[in-house]
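Some notes on the structure that comes next.
The values are calculated or read from the model by the stated rules, or taken from the named source; none is laboratory data. What you are looking at is a predicted structure, and each value in this text was computed from that prediction instead of being measured. With ideal geometry, Cβ positions are generated from the backbone for all residues, glycine too; neighbour counts draw on all protein chains shown. With ligands, DNA and RNA removed, areas are computed over all heavy atoms of the protein, side chains included. Shrake-Rupley method; radii C 1.70, N 1.55, O 1.52, S 1.80 Å.
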Amino acid sequence: MAKVKITETSLRDGHQSLIATRLSNNEILPIVEEMDKAGFYSMEVWGGATFDACLRFLNEDPWERLRQIRKRAKNTKLQMLSRGQNILGYKHYADDIVELFLKKAISEGIDIVRVFDALNDIRNLEKSINTVKKEGAHCQCAISYTTSPIHTKEFYINLIKQFESVGADSICIKDMSGILLPYDAYDLIKDIKKVTKLPIELHNHCTSGIAQMTMLKAIEAGIDIVDTAISPLSSGTSQPATESLVHTLKGTEYDTGIDVDCLGKVADYFKPIMNKYIENKTLSTKVLMTEPKTLQFQVPGGMMSNMISQMKELNASDKYEDVLAEIPKVREDLGYPPLVTPMSQMVGTQAVFNIISGGRYKIIPTEIKKYVQGLYGKPAVEISDEITKKIIGDEKVITVRPADLLEDEFEKNKKEIGDLAESVEDILSYTLFPQVTKEFLEKRRFKEYENSERGTI
Ligand code: CO
């Protein structure tokens, strides 16, 4: 029986996609034990934006959240998402940080680490893969899925072979923009299955309205694991609903074996919580609407809404269509980067500048210069000499792995944050998000001080 396994994403991507990652420990922890009974293959609970949001908006320690979830999830594997050398931040960190961070994440409860690189540059994943393997956890390597003349089936199959050769335990097709079409998915997965025995997982988003159809075709093609979110946290810019898929597969050769009554309890728990977020407008109905233009322009939904507001601020809303048409051109110039964080923001901004500044590449953001210098990694296609010259002049393009140029950071940061940090975890949080972590640690210190004052009375 080709039983389909499910990774439940509510506690990471579900709330990240719909309500800006605002679920707090008070909202998450009471339901974990119930979720643990459902029979999921894994639950994605950490990484991505959850870490930043804990510290920045919720005044919570993300490490403590992980420990608390672990305590309650006795049977289900816990999964995290990591952006390779960027870990959970937006720049490359030195190897000592990547190693220590993943080591700690695993020792505090993570079983499966899903790693990806925005450029699919395997050099940016090496350190992560080696560490996860060394620590005895499961390393899932994810393809950042995109479309372009060079992102063919052969391209992805070649990438998967590379992942396999460096020790991946499973492969994820990560379609962050929701652009993987059902029949393309079917063909791709059928062909992948011919070249590897590794389990294959599909991660997609409902943004453009095709995710459920794609998921079903992926299942028919033999995919092993799919990512879904419990109904109140599903659809729109999030994943397909867990219950709907479980019902769809029931009694078929793909039956997930998951307990639907248990899922019902979980959904009933989250409904009033999500109602609160609708009422306080954290959940905008806009993110629940289908946006098929994503398929036409190959631009992720989130990026499109960012650009609309950017253009409004610049009083250039009338040029929106021009910018949309400029995006594929910028992508081509830059070697077809997948439009995922941080590349989506960078390509979008460059396209806006090209249109409103009265000439292409008249204004170039620093991040684009760094990218062309190779500091983010290697694009799938080499950038032409002409574009390189236009963007960085005579400056050199690096050919080494970007992180090879970085000095170890842990000791330096440990000194910098001083005794505000009470653990290795605090220093790691500080390394990734210096300002917000410092404020969080100061608040915590003040609370401790207050408590001890009271304690002495
Ligand atoms: Co996602």
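For the reader, a short list of remarks on this structure follows.
- Inter-probe distance in nm under a simple model that places probes 7 Å from Cα toward Cβ, at LYS197 and ILE398: 3.9 nm
- Spin-label model, GLU33/GLU253: points 7 Å from Cα along the beta carbon direction are separated by 4.0 nm.
- Full-stretch length increase - ASN315, ASP408 - with 0.36 nm per residue and alpha-carbon distance subtracted: 29.1 nm
- For the listed residue pairs LYS77/LYS281; LYS329/LYS390; LYS37/LYS71, the alpha carbons are over 24 angstrom apart in LYS77/LYS281.
- Here the chain is assigned +1 on the Cβ of each Lys and Arg and -1 on the Cβ of each Asp and Glu. Its dipole about the Cα centre then comes out at about 220 debye.
- The range 305-423: translational diffusion in µm²/s, Stokes-Einstein, Kirkwood Rh over Cα pairs, 4 °C, 1.567 mPa s: 80 µm²/s
- For the range 107-194, the equivalent ellipsoid derived from the alpha-carbon gyration tensor has semi-axes of 24, 13, 12 Å in decreasing order.
- Protection proxy ranking of 425-436, 348-359 - average other beta-carbon atoms within 10 Å, highest first: 425-436, 348-359
- Nitroxide proxy distance, nm - points 7 Å out along Cα→Cβ at LYS265 and TYR183: 4.4 nm
- In plain terms, if you count all Cα to Cα distances in the range 199-277 and split them into 10 Å steps from zero, the share in each step is 18, 49, 28, 4 percent.
- Per residue accessible area of the range 291-375, 1.4 Å probe, in Å²: 44 Å²
- Helix-derived mean residue ellipticity, 222 nm - over the chain, DSSP H n ≥ 4, -39500 (n - 2.57), to 500: -14500 deg cm²/dmol
- The range 78-184: Lys pairs at Cα distance under 26 angstrom, eight or more positions apart or on different chains: 24
- Cα convex hull volume per residue for the range 194-239 (Å³): 72 Å³
- Cα shape, the range 159-303, gyration tensor, a/c 1.5 rule: oblate
- Accessible area in the full protein assembly, largest first, 1.4 Å probe, for ASP61, ASP268: ASP268, ASP61
- On the principal axes of its alpha-carbon atoms, the chain has extents of 67, 61, 47 Å, going from largest to smallest.
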